[in-house]
Amino acid sequence: MRLTSAAPAVVMLALSATMVANTLPMGIWSRFTAGPAFFPLVIATVTTVLAVLLLVQALRGDAADAGWPDRSALRTVGLVYGALLAFLLLAPVLGMLPTSAALLAFLMIVVLRQPLAGSLVAVAVTTGLVHIIFIRWLAIPLPRGVLGF
């Protein structure tokens, strides 16, 4: 077994344990609906199962060594992390919907290099669905920012 084969599984297990430890005190169930810890617990459970499967695969020696990413993959990871950081900083200022649209457009056009027309359609549909589901249907007060939406 190589350390590089087992490392992702160990990291996933640590992140799952951290998520459970930090969200479990919030409560899994709240009267008639799922509580704030319900979905993080579901995600942590699925992640734990996948991590255990990865670890078993690494211990058996069945896992292929992924090696280090090339320059292009590192560029992609850097762009995605930068976009997510910009999203976190800009969402309270510009509002959740415009910032989400800008993030999605950036990821599709710049990072994934998808065609412009299809990317803009995907951005419009996704932003519209976020608005309908979260603002209209669930009435969740998303950050509005200076743009007012």
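Against the longest alpha carbon principal axis of the chain, how many degrees, from 0 to 90 and to the nearest 10, is the axis of helix 71-94 turned? Between the helix axis and the principal axis of the chain, the angle is about 40 degrees.
The 3J(HN,Hα) values that the Karplus relation (6.51, -1.76, 1.60; θ = phi - 60°) gives for region 14-24 are, in residue order, 5, 5, 5, 5, 5, 4, 5, 4, 8, 9, 4 Hz. Gly and Pro appear as x.
For A34, nonlocal amide neighbours, meaning residues 5 or more places apart or on other chains whose placed amide H falls under 5 Å from its own, do not occur.
If you wrap region 71-137's Cα atoms in a convex hull and average its projection over all directions, what's the area in nm²? Show your work: numbers first, answer last.
On the way: hull surface 18.5 nm².
With every direction weighted equally, the projected area is 4.6 nm².
Sequentially through region 42-53, phi angles give Karplus couplings (6.51, -1.76, 1.60; θ = phi - 60°) of 4, 5, 5, 5, 4, 4, 5, 4, 5, 5, 5, 4 Hz, Gly and Pro residues having no value and appearing as x.
Take the Cα radius of gyration of region 3-60 and divide it by 2.2 N^0.38 Å, with N its residue count; two decimals is plenty. Intermediate results must be reported in sequence, preceding the final value.
Numbers: Rg = 13.6 Å, N = 58, 2.2 N^0.38 = 10.3 Å.
That works out to 1.32 for region 3-60.
I need T4, T23 ordered by Cβ neighbour count within 10 Å, fewest first. Write down the numbers at each step before the final one.
On the way: T4 13, T23 19.
In order of increasing Cβ crowding within 10 Å: T4, T23.
Excluding the sites themselves, what is the longest stretch of the chain that contains no trypsin sites (Lys or Arg not before Pro) in a DSSP loop with at most 12 other C-beta atoms within 10 Å?
Working: sites that count: R2, R31, R113.
Between exposed loop sites, the widest span is 32-112.
Any read-out appearing in this document is the output of simple, stated calculations on the displayed coordinates, not a laboratory observation. Nothing here was measured: the structure is a model prediction, and the numbers come from that model. Glycine gets a Cβ as well: all are built from the backbone with ideal geometry, and neighbour counts include every protein chain shown.
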